[in-house]
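Participant: Below you will find the structure I want to go over with you.
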Amino acid sequence: MSWTITLLGMAIVTYFTKAAILLLGERLTLSSGVRQALGFVPVCVLTAIIVPMTLAPHGGDIELDWHNPQLVGALAALAVSAISRHLLLTIGVGLAVFFSWQMFVLG
């Protein structure tokens, strides 16, 4: 019962928030500071998703050792990104290192 109420409440809040923005349209003006802050939302959301999955892949304690293929792949992707600034190359290398580490090192 409480899950149903929670989900219904979340749906109502989401609906009215989006409806208000759509109905107000151009009449709603955001300050330049708010617009600048909203530009950081995608980076913050991705960071909030990726960092816990990388540092604690099993949902428990932080795993900062070579047995964590997510961490090894993320570090490789970080290095490639810093050097090349090429998104597709970064994703490819990160995935290749992750899967290779799982198959060949941890086997």
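Nothing in this text is a laboratory measurement; each read-out follows from the coordinates by a stated rule. Quick caveat, the model's predicted, so the values are computed rather than measured. Neighbour counts run over all protein chains shown; Cβ positions are idealised from the backbone, glycine included.
Participant: Within 10 Å of each candidate Cβ there may be at most 15 other Cβ atoms; applying that plus a DSSP loop requirement, which trypsin sites (Lys or Arg not before Pro) in segment 21-87 survive?
Facilitator: Values: sites: 27, 35, 85; in loops: 85.
Those that pass, being in a loop and sparsely packed, are 85.
Participant: What percent do you get for the relative contact order of the chain when only Cα pairs under 8 Å and 6+ apart count?
Facilitator: On the way: 51 pairs, mean separation 16.7, N = 107.
Contact order relative to length: 16 percent.
Participant: Whose amide H sits under 5 Å from the amide H of residue 56, counting only residues 5 or more places off or on another chain, with H placed in the peptide plane?
Facilitator: Answer set, sorted by chain and number: 63.
Participant: Mind sorting out which of (i) -0.81, -0.90; (ii) -0.89, -0.95; (iii) -0.65, -0.82 is the real log10 I(q)/I(0) by the Debye sum over Cα atoms at q = 0.16, 0.18 Å⁻¹ computed from the coordinates?
Facilitator: (ii)
Participant: Something else now. Just from its helices, what would the mean residue ellipticity at 222 nm be for the chain, if runs of 4 or more DSSP H residues each count -39500 (n - 2.57) and the sum is divided by every residue, rounded to the nearest 500 deg cm²/dmol?
Facilitator: On the way: 5 runs with 75 residues, N = 107.
Only helices count here, giving -23000 deg cm²/dmol.
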